[in-house]
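Participant: Can you keep this structure in mind? I'll have questions shortly.
Nothing in this text is a laboratory measurement; each read-out follows from the coordinates by a stated rule. Fair warning: this is a prediction, and the values are worked out from it, not measured in the lab. Glycine gets a Cβ as well: all are built from the backbone with ideal geometry, and neighbour counts include every protein chain shown.
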Amino acid sequence: MFTISPRASSSLYTETSVTFVASGMSSTALFSSNPSSPSSPTGRLTMVGAGPGDPNLLTVAALHSISDPEALVISDRLVSQEILDLVKGEVRVANKSPGCADKAQNEIYTWCLGGLAEGKHVVRLKIGDPFVFGRGGEEVLKFRGMGVEPKVIPGVSAVFAAPLLGGIPVTHRGVANQVVMCTGYGREGTSPDLIKYHPDQTVVFVMAVGRLRELSRKLISMAGYPPDTPVAIVEQAGNPGQRTIRGNLVDIADKAERENVKPPSTIVVGDTHIYAEDMTDEMCSSAITISQEAFQMNVTKGKVYATIAAHIRAGFDKSFGRGWNCVVGRSFGAFVTHEIKTYMYFTVVPGVYILLWKA
């Protein structure tokens with residue numbers, strides 16, 4: 001996890017204070033616009049964030065960089081083919097698969113230095129944002145040690161984009177007011193410390209699919225998470241093959257294994273999940289408003305969930321015509337057996353779930 005606190009500056013990373021907290025490591029002043037004694041490379045290097053995978057989520061600056069016909073684009077393997085198809089010049093893809101990461105990283109450095117020596121514009125293309133668990137800081141320091149100062153173009157991080165592309169907001173007023181972002185793998189394959197459970201908190205994991213079973217077990221046994229805490233996996237966010245696997249901390253690892261979930265995938269843990277199908281934006285917004293009103297009117301009076309469900313159903317019948325059904329309860333798994341087409345599954349109070357559907 002890290003926090004970035006920029007100060008007033010005319011240069012992208014001048015006077016930027018960066019604090020890392022991961023695997024016991026603490027470091028400040030990672031970035032500086034004036035590295036010591038840099039040599040003058042023949043070419044130039046740009047580090048570009050590719051976003052989660054959809055070409056439409058590329059920044060304008062990123063698109064300009066990869067569209068340079070004179071550029072040598074050196075990409076990680078998880079960058080989508082749809083984005084690579086936009087490259088106008090030469091592209092090389094490093095095979096950063098498990099067990100080959102260090103070898104591939106050294107190959108990347110060799111390719112970059114070779115292109116710079118030939119006077120080329122070298123574009124180092126990385127999935128998401130290079131500095132959100134993307135080893136961007138490590139690469140900057142490595143390039144500086146080689147006498148090269150890269151220009152940095154931020155990308156849209158999958159930490160925030162992937163959940164929303166899967167229909168899951170990471171915050172929701174009255175449900176989640178904190179977001180924690182974590183990686184499944186620390187330095188040299190270590191497991192990062194887990195944040196203790198808080199009902200108003202959403203946790204987003206990247207690069208964690210390979211440790212999902214272990215992660216789920218530790219969240220329950222070590223971090224105090226309820227076993228029925230909702231979990232969703234958004235695979236290939238923004239790509240044609242995008243899909244969302246839903247479950248809870250008890251069953252999500254089995255579901256991921258059964259569905260053969262692969263990277264890139266983003267894991268979302270917490271109560272902000274809103275699942276809807278064949279529901280308009282107006283319906284979804286109204287459902288949340290009516291449900292919040294129902295809880296405010298009934299929970300304080302000690303009424304049971306059936307009374308709350310009746311209030312929600314009546315409000316929806318009034319707004320969108322008769323024929324709606326609603327159940328409210330604490331069991332996430334109790335709702336998954338409903339075979340319905342037009343529905344919304346959501347929460348407005350931590351730990352209490354609502355299923356609203358058309359009969």
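Participant: Place the peptides 200-207, 74-81, 103-110 in order of packing, highest mean first, counting for every residue the other Cβ atoms within 10 Å and averaging per peptide.
Facilitator: Most protected by this proxy first, the peptides run 200-207, 74-81, 103-110.
Participant: Taking H placed 1.01 Å from N in the peptide plane, check which residues at least 5 places from Y225 or on another chain put their amide H under 5 Å from its amide H.
Facilitator: Under 5 Å from the amide H of Y225: Y197, I220.
Participant: If you don't mind, there's one more thing I want to ask. For the ranges 136-142, 320-326, what's the packing order if you count other beta-carbon atoms within 10 Å of each residue, average per peptide, and put the highest first?
Facilitator: 136-142, 320-326
Participant: While we're here: Please give the FRET efficiency for E70 paired with I220, using the beta carbon to beta carbon distance and R0 = 45 Å, rounded to the nearest 0.05.
Facilitator: After rounding, the FRET efficiency stands at 0.25.
Participant: Using Cα-only point scatterers and the Debye equation, what is log10 of I(q)/I(0) for segment 57-153 at each q in 0.19 Å⁻¹, rounded to two decimals?
Facilitator: Calculated log10 I(q)/I(0) at the listed q: -0.95.
Participant: Here's a follow-up. Semi-axes of the equivalent ellipsoid of segment 204-299: what are they in whole Å, largest first, if each equals the square root of 5 times a C-alpha gyration tensor eigenvalue?
Facilitator: Gyration-tensor ellipsoid for segment 204-299: 27, 20, 9 Å.
Participant: Ok, one more. Given H placed on each backbone N at 1.01 Å, which residues far from R92 in sequence or on other chains put an amide H within less than 5 Å of it?
Facilitator: Amide H neighbours of R92, under 5 Å, 5+ apart: V73, I74, S75.
Participant: Here is a further query. Quick check on segment 159-269: take the gyration tensor over C-alpha atoms, sort the square-rooted eigenvalues as a ≥ b ≥ c, and tell me if it's rounded (a/c under 1.5), prolate or oblate.
Facilitator: rounded
Participant: Could I ask something else about it? How do 158-168, 342-352 rank on mean C-beta neighbours within 10 Å, highest first?
Facilitator: Those peptides, ordered most packed to least, come out 158-168, 342-352.
Participant: Please list, ordered by chain and number, the residues whose modelled amide H lies under 5 Å from the amide H of Q178; skip anything fewer than 5 residues away on the same chain.
Facilitator: Excluding prolines and chain starts, which carry no amide H, the hits are T202.
Participant: Just how far, in whole angstrom, is segment 220-277 from segment 75-139 if you go by their alpha carbon centroids?
Facilitator: 28 Å
Participant: Please give the net charge around S286, taking every other residue with its beta carbon less than 11 angstrom from that of S286, where Lys and Arg add +1 and Asp and Glu add -1.
Facilitator: Net of charged neighbours comes to -2.
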